[in-house]
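The values are calculated or read from the model by the stated rules, or taken from the named source; none is laboratory data. These numbers come from a predicted model, not from an experiment. Here the Cβ positions follow ideal geometry from the backbone for every residue, glycine too, while neighbour counts run over all protein chains shown. Ligands, DNA and RNA are excluded from the accessible area calculation, which covers all protein heavy atoms including side chains. Shrake-Rupley method; radii C 1.70, N 1.55, O 1.52, S 1.80 Å.
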Amino acid sequence: MVDMWELDSEAIEERVAFRAQVRDQVWRETKRRMRSLGFSEQEGPATPNALAPTSAAAKAVHLMYLEVATEVGNAARELAADAATRAGRAAATYADLGEAAGITRQAARKRWPDAVGTQWTLYTLTGKSRPHGMATQVFRSSGKAIETGRTAVDEGALADDGAVGAVVINAAREAVWACYFNDGTWAPEEIAMPEDLQTVPAPGSPEHGEWLHKWDQFITSNL
């Protein structure tokens, strides 16, 4: 966790200046929106505190400033969450995230519970006729795993050894998405996995091999 007192004077000045830039930007946006309150750009106050503290105009301006500042805070939290997720994909730990955000490791884990240690596995069934082949890929993004699976199945018709089915499972080894190549529509079609295929046993176990066999049968029955 970064402590302001541990920074050198130049770094402190840079951070103070950055925060001042943020405040200035919030005030500029507040003044832009104040036109809806009846102020023109020329008539508006020069600073948030330029009006009489108890006046109706001051109340309106401060509420508008609060509205803008809240939007900035929400946007910053969204950016931070995206950055935490990308850092997690790059093998950052919760300790790393906490240090970067100036919070503890425990607080980082609570704030971004899915940023670290989360993975999705894509299984693809390949080959137009049995015995089918199997391939697996691991992703740090469910969206990327699903996109890759759908693309593989969509392009599977172009090659004899292309993918005919795909399923994505999460870190808890639960199937979260599946599809197969529909010969009727010539496009990938999402399908619900049967109850006995919704949980995928750990690789290397006899149960995992049995699951792969049942999944093969399930996809084949839909082709």
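Scanning the range 193-223 for residues that are of a type in the set (Gly, Ala, Ser) and in a loop (DSSP other than H, G, I, E, B) turns up Ala202, Gly204, Ser205. Does the range 174-185 contain at least one residue that is of a type outside the set (A, V, I, L, M, F, W, C), open to solvent by 40 Å² or more (accessible area, probe 1.4 Å) and modelled with pLDDT of 90 or more? The answer is yes; a qualifying residue exists. With the structure loaded, tell me whether Thr54 is at pLDDT 75 or above and more than 29 Å from Val176 (Cα to Cα) or whether it fails that test. Criteria met by Thr54.
Quick one: would you say Pro45 is within 30 Å of Ala159 (Cα to Cα) and modelled with pLDDT under 90? Full working, then the answer.
Numbers: within 30 Å of Ala159 (Cα to Cα): no; modelled with pLDDT under 90: yes.
Here the answer is no, as Pro45 does not meet what is asked.
Gly98 falls short on exactly one of the conditions (1) open to solvent by 50 Å² or more (accessible area, probe 1.4 Å); (2) touching a residue at least 60 places away in the same chain (Cβ under 8 Å), and that condition is (1).
Scanning the range 131-169 for residues that are assigned to a strand (DSSP E or B), open to solvent by 40 Å² or more (accessible area, probe 1.4 Å) and not polar (S, T, N, Q) yields Met134, Ala135, Val138.
The set of residues in the range 186-208 that are open to solvent by less than 50 Å² (accessible area, probe 1.4 Å) and among the aliphatic types (A, V, I, L, M) comprises Ala187, Ile191, Met193, Leu197, Val200. Among the residues making up the range 66-88, those that are open to solvent by less than 80 Å² (accessible area, probe 1.4 Å) and modelled with pLDDT under 90 are Thr85, Ala87, Gly88. Restricting attention to the range 174-182, does a residue exist that is out of contact with any helix residue (DSSP H, G or I) (no Cβ under 8 Å at 6 or more places or on another chain) and assigned to a loop (DSSP other than H, G, I, E, B)? Taking every residue of the range 174-182 in turn, none turns out to be out of contact with any helix residue (DSSP H, G or I) (no Cβ under 8 Å at 6 or more places or on another chain) and assigned to a loop (DSSP other than H, G, I, E, B).
Quick test for you: out of Arg28, Arg35, pick the one residue that is part of a helix (DSSP H, G or I) and modelled with pLDDT under 85.
Details: Arg28 fails: modelled with pLDDT under 85.
Answer to the check: Arg35.
Please work out if Trp211 is surrounded by fewer than 16 Cβ atoms within 10 Å (Cβ to Cβ), more than 21 Å from Ser141 (Cα to Cα) and not polar (S, T, N, Q). Answer is no for this residue. Of all residue pairs spaced 6 or more apart or on separate chains, those with beta-carbon atoms under 6 Å, a first member in the range 66-91 that is in contact (Cβ under 8 Å) with a residue 40 or more places away in the chain and a second member that is in a helix (DSSP H, G or I) are Val68/Val26; Val68/Glu29; Val68/Thr30; Ala69/Val26; Val72/Val26.
Which of the following residues is open to solvent by less than 60 Å² (accessible area, probe 1.4 Å) and within 22 Å of Arg28 (Cα to Cα): Val61, Val116?
Values: Val116 fails: within 22 Å of Arg28 (Cα to Cα).
The conditions single out Val61.
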